[in-house]
Amino acid sequence: MTPDLPDDRDLDEGGLDLSPRDDAPGRAARTSRRRWAPIVVLCVLGLVIGIIAMQARGASLYFKNADEAVEQKESLGTKRFRLQGTVVGKPKEAGAATLFKLQFNGVDVPVRHTGSEPAMFKAGIPVVAEGHWNEAGTEFDSDRLLIKHDADYKDYDEEHPERVDENQSKDS
């Protein structure tokens, strides 16, 4: 043996304590953390499910044709849905709102739209208005308009001659 290292055999009674220590405070802290872990996981899971539900809420709006919406007015109440129909007559400006009628299967629905209007919005085109019946059930309050763009460009050259490239139209 080397003389520089202490020899355990030479230590007296109080030199080295080999008795087991009480680990109760450390275990209590770990047990406490173990109790909180499932609660934290459940809270995070609930938050994630809540966010997903809020995102899916907008995707669950259903379409009603104008005639169906009038027929189901009482059951729809002021629930949000999408109203489908064709714009009848010229839309009128009324302050911050635009007033027009949507028609489907001969049934007209007065619409008060307060959002922005798509560029192609005019009389005679199919529109989907997103909103709800007003409290009185007399008109549809809309804040979003959707218009399906058709791919028919056959009259584009005649309607917008300044936008057509002459070289391109000769090649086609």
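The values are calculated or read from the model by the stated rules, or taken from the named source; none is laboratory data. Fair warning: this is a prediction, and the values are worked out from it, not measured in the lab. Cβ atoms come from the backbone with ideal geometry, glycine included; neighbour counts cover every protein chain shown.
I'd like the full set of residues that are small (Gly, Ala, Ser) and closer than 19 Å to Ala69 by Cβ, limited to the stretch 117-149. Those that are small (Gly, Ala, Ser) and closer than 19 Å to Ala69 by Cβ: Ala129, Gly131, Ala136, Gly137, Ser142. Scanning the stretch 114-132 for residues that are hydrophobic (A, V, I, L, M, F, W, C) and either touching a Lys or Arg at 6+ places or on another chain (Cβ under 6 Å) or outside any strand (DSSP E or B) (or both) yields Ala119, Met120, Phe121, Ala123, Ile125, Val128.
In the stretch 10-23 there is at least one residue that is at pLDDT below 90 and not in a loop (DSSP other than H, G, I, E, B).
Among the residues making up the stretch 88-102, those that are surrounded by 12 or more Cβ atoms within 10 Å (Cβ to Cβ) and more than 15 Å from Pro118 (Cα to Cα) are Val88, Gly89, Lys101, Leu102.
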